1. Could you please find all residues in segment 1-38 being among the hydroxyl-bearing types (S, T, Y), under 13 Å from V61 (Cα atoms) and either in contact with a Ser or Thr (Cβ under 9 Å, 6 or more places away or on another chain) or not in a helix (DSSP H, G or I) (or both)?
2. Pairs, please: C-beta under 7 Å, at least 6 apart or cross-chain, first residue surrounded by 13 or more Cβ atoms within 10 Å (Cβ to Cβ) and in segment 68-91, second polar (S, T, N, Q) and assigned to a loop (DSSP other than H, G, I, E, B)?
3. Restricted to segment 50-87, and to residues that are of a type in the set (S, T, N, Q) and part of a loop (DSSP other than H, G, I, E, B), which residue is farthest from G5 (Cα to Cα)?
4. With respect to A38, is the statement that it is aliphatic (A, V, I, L, M) and free of Cβ contacts under 8 Å to residues at least 12 places away in the same chain true?
5. Here is a check on your reading of the model: is L90 assigned to a loop (DSSP other than H, G, I, E, B) and closer than 22 Å to T13 by Cα?
6. Among the listed residues K52, K6, identify the single one that is on the phi < 0 side of the Ramachandran plot, at pLDDT 95 or above and among the basic types (K, R).
7. Provide a single number: the residues in segment 30-57 that are of a type in the set (D, E) and closer than 25 Å to D16 by Cβ.
8. Can you pull out every residue in segment 24-35 that is within 15 Å of the chain's Cα centre (by Cα) and loosely packed, with under 10 Cβ neighbours inside 10 Å?
Amino acid sequence: MSANGKDEAVLKTISDMMAAGLKTQTEPFPETEKEFGAILTELRHLEPEDLKSKLVISGFVNRPYGPDQQRCLECMYYLVHRKWCDLPELSVPVEPDWWCRLWRI
């Protein structure tokens with residue numbers, strides 16, 4: 001399977017998990033670098049293929065989030081042409097209208 005085909009399969013898996021009601025940790029949003037780093041550390045301790053735990057810990061939701069309706073599309077880690085989160089600890093395909101608590105501008 002090509003990298004793009006694999007990405008599409010993983011994207012569908014993620015989308016299906018969230019559509020099925022996967023509960024994720026959207027709060028607390030990390031307000032400081034220390035809090036942000038703590039979430040990254042938790043993610044680094046996971047097996048690279050543990051997709052469900054990555055989604056839960058990072059707080060993924062399949063819609064814009066918060067009072068400002070933040071979404072992956074405006075995040076500094078989002079690669080538009082690949083539909084990809086380039087944060088090394090996540091490194092997963094994502095839709096532009098999704099969000100996670102590691103969101104940054």
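The values are calculated or read from the model by the stated rules, or taken from the named source; none is laboratory data. Here the structure is a predicted model, which is why all the values come from computation and not from measurement. Virtual Cβ from ideal backbone geometry, glycine too; neighbours counted across all protein chains shown.
1. T24, T26
2. Pairs that qualify, where the first residue is surrounded by 13 or more Cβ atoms within 10 Å (Cβ to Cβ) and the partner is polar (S, T, N, Q) and assigned to a loop (DSSP other than H, G, I, E, B), are C85/S91.
3. Filtering first and then ranking leaves Q69.
4. yes
5. The answer is yes for L90.
6. Among K52, K6, only K52 is on the phi < 0 side of the Ramachandran plot, at pLDDT 95 or above and among the basic types (K, R).
7. 4
8. Within segment 24-35, just E27 meets the criteria.
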